[in-house]
């Protein structure tokens, strides 16, 4: 405790008044009555989970030390004092939280929920700051004592490892982001756009002509490009107007669609221009997986594989294509869903019904292990360092050999994509030429936009788009696309994930000049979960 602080203990409530500069009043309310006296604690057990009594006392002591601003004492009650100490100290010194009341709730096993009612004060301005969090009490591995399992989220549930709370002048002015027609886009109306608007504000706030205010925000502790996330605004800044390529109607449809499934993401682009029309997520962790995710896309990747095989003349949309139940490639066996086969079909049939073996049988005929990565990069623009206006991951198809290369042909193995990547792939298949996705006009900052080495030839473009149309008409995408009008095409995908009961569901499709893609973790077949999400977005476009 800092010099000059006086402590009063009344009915289990700790009140701390301090005379030190910048140190406010703290209190903690425990769910347990009576004073806490460390000398009355029984000797800790040496092994096994903490008892209910240990959980109650440890959490109470930790919250009391934190509440009175004693970072050292609070940190010593955790299982990682080295990390906890500076974080607890910064809670006051960097975040300027001058007073806080911590109220413990009823423990659920080793987890203890609590509420924080605080006040943020900076240069004469104060604002209340309330939130809920939780802590977990564990057995110390070496000490045998009951300790708080230290995580950054104990301080605030929104803090991720490596992040800090800071109060001061905002790093960027606020923005008034508007869609392509001038409609304002806000986090309140479009919650999924929160990370996007934060990123746009950080990058373009000054260019938009605004003036920064004063706020409490969660900031990255390193220079990783992550945008600060505002928690409390003490002084409002002046927002600058920032145009985006988003479409408010399509975004609204995307927001509604992803709510149907947990861990769902969707993105939409305009094939003729590459303009991003919508980005939405429904995830527990708040991660913007629609543009930052990296997962195997399953059979939606067959769009790229089919383009490569068509370019090499190894297949034709109307030519016969073998589709056996299984196929063996360099010692690795691959099979179709439920072991189906197509005894006498065309390549269009194999594509529309998502036959894995038709694609894998042709690997040796390409005579080039890097054929698929080359097509992904040179035609579909994957891996070209997209400058969309915000930080995004633009897909990865690394060179591979053997069974790993075979897995890539059907969107498994080392292929990594997100919804934006696959929406762009579909946009290229529809337009015939890659247009790098953008979320703000290039004219805003003159950034360099990626261009692909070549377009699809007229013949390949016609066949590829035609196969996608057949998939939407009578193939695996027919049910999901039934409600979608216009010139439409689709491709389904299911990606197996080790240790996961059901595969991830993927779906991508186009309707006129809108292309969209979605993923749902553990969603099963692509047409069942991700398909309706894409259809809803396409209808809105």
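Coordinate-derived values only; no laboratory data. Owing to the predicted nature of the structure, the values given are computational and were not obtained by experimental measurement. When we count neighbours, we look across all protein chains shown, and the Cβ atoms used for this are built from the backbone with ideal geometry, even at glycine.
For this structure, a couple of remarks:
- If R0 equals 30 Å, the separation of the Cβ atoms of residue 512 and residue 364 corresponds to a calculated FRET efficiency of about 0.15.
- Centroid-to-centroid separation of the stretch 391-464 and the stretch 201-215 [C-alpha atoms, Å]: 32 Å
- Isotropically averaged projected area of the stretch 158-303, using the convex hull of Cα atoms (one quarter of hull area), nm²: 9.9 nm²
- Of the peptides 421-430, 464-473, 169-178, the ranking by mean beta-carbon count within 10 Å, highest at the top, reads 421-430, 464-473, 169-178.
- Inter-label distance, residue 449 to residue 262: 4.0 nm, where each label sits 7 Å from its Cα along the C-beta direction.
- Pairwise FRET efficiency - residue 502 versus residue 142, Cβ, R0 = 30 Å, nearest 0.05: 0.15
- Tilt relative to the chain, helix 52-67 - C-alpha long axis, 0 to 90 degrees, to 10: 80 degrees
- The largest-to-smallest principal axis extents of the Cα set in the stretch 175-244 are 37, 23, 22 Å.
- Report summary: the helix-based calculation at 222 nm, which adds -39500 (n - 2.57) for every DSSP H run with n ≥ 4 and divides by the residues of the chain, gives -7500 deg cm²/dmol.
- Shape of the stretch 421-519, Cα gyration tensor, a/c cut at 1.5: oblate
- Remark: relative contact order (the chain) = 11 percent; criterion is Cα-Cα distance under 8 angstrom and separation of 6 or more residues.
- By average C-beta atoms within 10 angstrom, highest first, the peptides 376-386, 317-327: 376-386, 317-327
- Gyration tensor (Cα) of the chain, equivalent ellipsoid semi-axes in angstrom: 52, 28, 18
- Distance from the alpha carbon centroid of the stretch 483-541 to that of the stretch 359-390 works out to 21 angstrom.
- Simple spin-label estimate for residue 220 and residue 483 in nanometres, 7 Å along Cα-Cβ: 3.8 nm
- D_trans [Stokes-Einstein, Kirkwood Rh over alpha-carbon pairs] for the stretch 259-390, 4 °C, 1.567 mPa s, µm² s⁻¹: 76 µm²/s
- Multiplying the residue separation of residue 385 and residue 326 by 0.36 nm and subtracting their alpha-carbon distance yields 17.5 nm.
- Distance from the stretch 134-188 to the stretch 220-296 (C-alpha centre basis), Å: 17 Å
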